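Report on the following structure.
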Amino acid sequence: MLADLHFLARVIPALLSGAVITAELSVLTFLICLVWGLLVALARTNHGPLGWIAGAYIQTVRNTPLLIQLYIIYFGFAMGGFPLSGFMSGLLALCIQNGGYVAEIYRGGLQSVSQRQYEAGRALGMRRWTLYTTVIMPQVIARVIPPMTNQAISIIKDTSQVAAIAVMEMMKVAEVWVESSANTYDVFAGAAIIYLVLTSIAGFIGKVTERRLAFAQ
Amino acid sequence: MDDTLSDAPSLVTDPPVIGAPQAAPRPMLTMTGVVKSFGANQVLRGVSLSVAAGEVVVVIGPSGSGKTTLLRCVNLLEDYQQGTVTVDGAPIGYRIDPRSGQRQRMSERDIAASRETIGIVFQSYNLFPHMTVLQNIVAAPVRVKGVPRAKAEARARELLALVGLSDKAGEYPVRLSGGQQQRVAIARALAMDPKLMMFDEVTSALDPELVGEVLAAMQQLARDGMTMIVVTHEMSFARDVADRIVFMEGGVIVEEGKPEQMFAAPRTERVRQFLKRYNDRYRI
Amino acid sequence: MKMLAPLLHSYWYLFRGAGMTLLMAGAAVLPATALGVVLALVHVFGRPMARAVLQVYLFVVRGIPLLVLLTFVYYLLPLTGIDLPPFWGVVLVMSLYYAAFMSEVFRAGIESLPQAQWDAARSLGMTRHLMLRIVIFPQALRLAAPPFVSQCVSLVKATSLVSIVGLWELTMASREVVERTLAPFQIFIGAALIYFCICYTLALYGRYLERRSLVGH
């Protein structure tokens, strides 16, 4: 298995180019979801129809598979006359799905900040904006980092499903190479290792961020 | 202590007979040279303690002095690096190999069996929340000692009556107040017929008005002749019920003596300072 | 109404697909749970060597996408000569994958019990076996039930991935129908609805369990 270095020499760059796409999708999705998820979470706090819509949105994306959402967007848009590239469909589907999960993470973080913090701030005469930016949000951010890290890892893994619509991220690249070379083990081992590297990097960044932002809870 | 009527139901199954001529009080608990460290932190620095049958020893001292760890070492909830513990003559946790003089750890089975002779009540989260009060009390006698269920339940109801909670037998712990839960915990420990009962700050987590009922139960237990070691901050209990008071600080026993002597004229400055706050408030 | 026609013609086929989905998920849940409990016990009580191996296993499984593992096994299995029907191969992979997540759920349940519960049980003279059976497990499983159900929902959604390696279940069925009717929106949304019904029901059960576990403590 270690023998075929020629093969490895050709596969690795291909896998790495796939990994770049994987990384792009992951990072873009994560960043977009940080913002989008926050908006959804804030919408959910609303007591009127907006809150209900946000809630329904979250429940819908949490209870349907990513793959189906992917197909709906990809094929749906194509049929509807605005064909989206695989990458864009994938990005859109990933953002829609993970936006729901990130919103729930924010909600958990907001809920976990004790009511007393609000009271203390108001007792000191803070108004809403100051209260939120100087007292509440820093605590929410600190508490939200571990689940966000997990979500980031989840996103990296979910990008593999975009292979189903022929995007040349790493999973698809691996599949193509396996089909054309019958060198199954090496290709997948390589892909697996690169995924482990990517998810480990995400985990590491998460831990470092957690330590940096750790104040006594 | 007064003697109890021998045919009245008692919290203690086999009380030592007070007033009968005895050569010397037989030691119920003997701790010798116990040293315990948590990593680099030496919490017990060589503690030796002897408790006679039927004696009530109250351990007092500042937080971090090692009082809780001391209790936990007796029934090997915490492992200790040096020293031995015997209860009623039987070693607990470690026995001394007669040939080498080294201590060796007993098997897990033996340790579990020896724990049956020691009862302990903790500060909180004592009871099993998924069992009723009655089930809590009979679980160990039935499953550990093999007592027939009917007999165990009868004894359980007896004990509940003595701690004043007969009507709570079918309740789940979540429905009971903290004081009631602790009284059930005492009954549960007693159901195993221990020779020694240990109490680790059992009233510290309770609302003040619930403390009295638990202390009353403990007082009754003392009157019935149980050998007890009590770690507490309740100084009035120490003064009224203890046969001996032990003051611990920094992992060693600093001073011990009878309550009258300790409270009125402690020999050590540190003890005097510690008790001063209490004495000032209550002026013995 | 005319738009819904393709769905109305094919819904029964989709339902059969859903049946296969449930069959697959059901077949994977049992071994995943059993193995999850075992691994959790190893994590809490096992010797250092066993725990180290477990950590490696957890790291690998949680850092690699399920799709990669599924595809890997799908290509690899015929080569090893083991005569395993694809259905069972897929079930095996999913069981091993989700066992890792389940074990973390059960471990969290066990470790969240107050130390006093262990102390009380041990002080009453209970051996470890008895203590686990009547004190620790009843409580730990009750605490772990809601996140466990959550993992089950995830497993049901993950069955959609087997369609990418060519196995037939709801997602594959819906793809077939779409290819035939060229109505991706209706069909995929129909499939999404079926998934939603299954998963949301499970999610509601999980929330019911969560409320119940709070009452008892």
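Laboratory data are not the source of any read-out in this text; all were calculated from the coordinates shown. If you're wondering where the values come from, they're calculated on a predicted model, not measured in any experiment. Quick reminder, even Gly has a Cβ in these numbers, built from the backbone with ideal geometry, and neighbours come from all protein chains shown.
Things to note:
- Cα pair count fraction exceeding 32 Å, expressed as % - chain A: 31 percent
- For the pair A:Ile53 and A:Ile141, the difference between a 0.36 nm per residue extended length and the Cα-Cα distance amounts to 29.2 nm.
- log₁₀ of I(q)/I(0) at q = 0.10, 0.14, 0.15 Å⁻¹ - region C:2-216, Debye sum with one point per alpha carbon: -0.56, -0.93, -1.02
- Where a label projected 7 Å from the Cα of B:Ala52 along Cα→Cβ would reach, residues of region B:78-97 with amide N under 17 Å: B:88-89
- Taking 0.36 nm per residue of separation and subtracting the Cα-Cα distance, full extension of the segment from A:Glu179 to A:Phe204 would add 5.6 nm.
- 19 Å Cα-Cα threshold exceeded, pairs from A:Lys207/C:Lys157; A:Lys157/C:Lys157; B:Lys36/B:Lys258: A:Lys207/C:Lys157; B:Lys36/B:Lys258
- Pairwise centroid distance, computed over Cα atoms, of region C:110-143 with region B:102-142, Å: 11 Å
- Label zone (C:Arg128, point 7 Å along Cα-to-C-beta; backbone nitrogen cut-off 19 Å) within region B:134-167: B:144.
- For region A:67-181, a Kirkwood hydrodynamic radius built from all Cα pairs, placed in the Stokes-Einstein relation at 37 °C and 0.692 mPa s, yields a translational diffusion coefficient of 193 µm²/s.
- Note on A:Ile12 and B:Asp193: their simple-model spin labels are 7.4 nm apart, each label 7 Å out from Cα toward Cβ.
- Computed about its Cα centre, the charge dipole of the protein assembly as shown is approximately 680 debye, with only Lys, Arg, Asp and Glu carrying charge at their Cβ.
- Inter-chain Cβ neighbour count for B:76-84, averaged per residue, equals 1 (cutoff 10 Å, partner chain atoms only).
- Average projected area [Cα convex hull, region B:101-158], square nanometres: 5.8 nm²
- Net charge over other residues, Cβ less than 11 angstrom from the Cβ of B:Leu44 (K, R count +1; D, E count -1): +3
- Cα principal axis extents for region C:1-126, largest first, Å: 71, 42, 24
- Value of relative contact order over chain C, rounded to a whole percent, pairs C-alpha under 8 Å and six or more apart: 32 percent
- Among beta bridges that DSSP assigns inside the protein assembly as shown, antiparallel share in %, nearest 5: 60 percent
- Mean shadow area of region A:1-90 over all directions, Cα convex hull, nm²: 9.0 nm²
- Bridges between two residues of chain B, per DSSP, are antiparallel at a rate of about 60%.
- Among C:Tyr200, C:Gly81, C:Val44 the positive-end extreme of the charge dipole of the protein assembly as shown (Cβ point charges): C:Tyr200
- Nearest-0.05 FRET efficiency for B:Ser124 and C:Phe45, computed from C-beta distance (R0 25 Å): 0.50
- Efficiency of FRET from Cβ geometry, C:Tyr57 and A:Val20, R₀ 35 Å, rounded to 0.05: 0.75
- Excluding same-chain neighbours fewer than eight residues apart, the aspartates and glutamates reachable from B:Lys168 by a Cα-Cα span under 16 Å are B:Glu153, B:Glu158, B:Glu213.
- Shielding value for C:125-131 is 6, the average number of Cβ atoms from other chains within 10 Å of each residue's Cβ.
- Once the Cα gyration tensor of region A:168-217 is diagonalised, semi-axes √(5λ) in Å: 36, 9, 5
- Among residues other than A:Ser112 with Cβ under 14 Å from its Cβ, the summed charge is +2 (Lys and Arg +1, Asp and Glu -1).
- Computed from the C-beta positions of A:Thr134 and C:Ser112, the FRET efficiency with R₀ = 51 Å rounds to 0.95.
- Most fluctuating residue given options B:Tyr80, B:Tyr172, B:Tyr125, as computed from a GNM of chain B linking Cα atoms under 10 Å: B:Tyr125
- Where labels lie 7 Å past Cα in the beta-carbon direction, separation of C:Arg212 and A:Ala189 in nm: 4.8 nm
- Region A:44-82 and region A:8-40 have Cα centres spaced 22 Å apart.
- Taking region C:130-159 and a reference point 7 angstrom along Cα→Cβ of B:Ala205, the backbone N atoms nearer than 18 Å belong to C:135-136, C:139-140.
- Within 10 Å of each Cβ in B:119-131, the average number of Cβ atoms from other chains: 5
- If you bin all the Cα-Cα distances of the protein assembly as shown at 20 Å, starting from zero, the percentages per bin are 14, 37, 29, 17, 3, 0.
- Stokes-Einstein diffusion for region C:63-182 at 37 °C, viscosity 0.692 mPa s, with a Kirkwood radius from C-alpha pairs, works out to 189 µm²/s.
- Each Lys or Arg adds one and each Asp or Glu subtracts one; over the other residues with Cβ under 15 Å from the Cβ of A:Arg128, this totals +1.
- Computed over chain C with a Gaussian network model linking Cα atoms closer than 10 Å, the most mobile of C:Leu161, C:Leu84, C:Leu30 is C:Leu84.
- Qualifying GluC sites (Glu not before Pro) in region B:132-200, where qualification requires a DSSP coil assignment and no more than 16 other C-beta atoms within 10 Å, comprise B:Glu171.
- Most fluctuating residue given options A:Ala120, A:Ala174, A:Ala192, as computed from a GNM of chain A linking Cα atoms under 10 Å: A:Ala120
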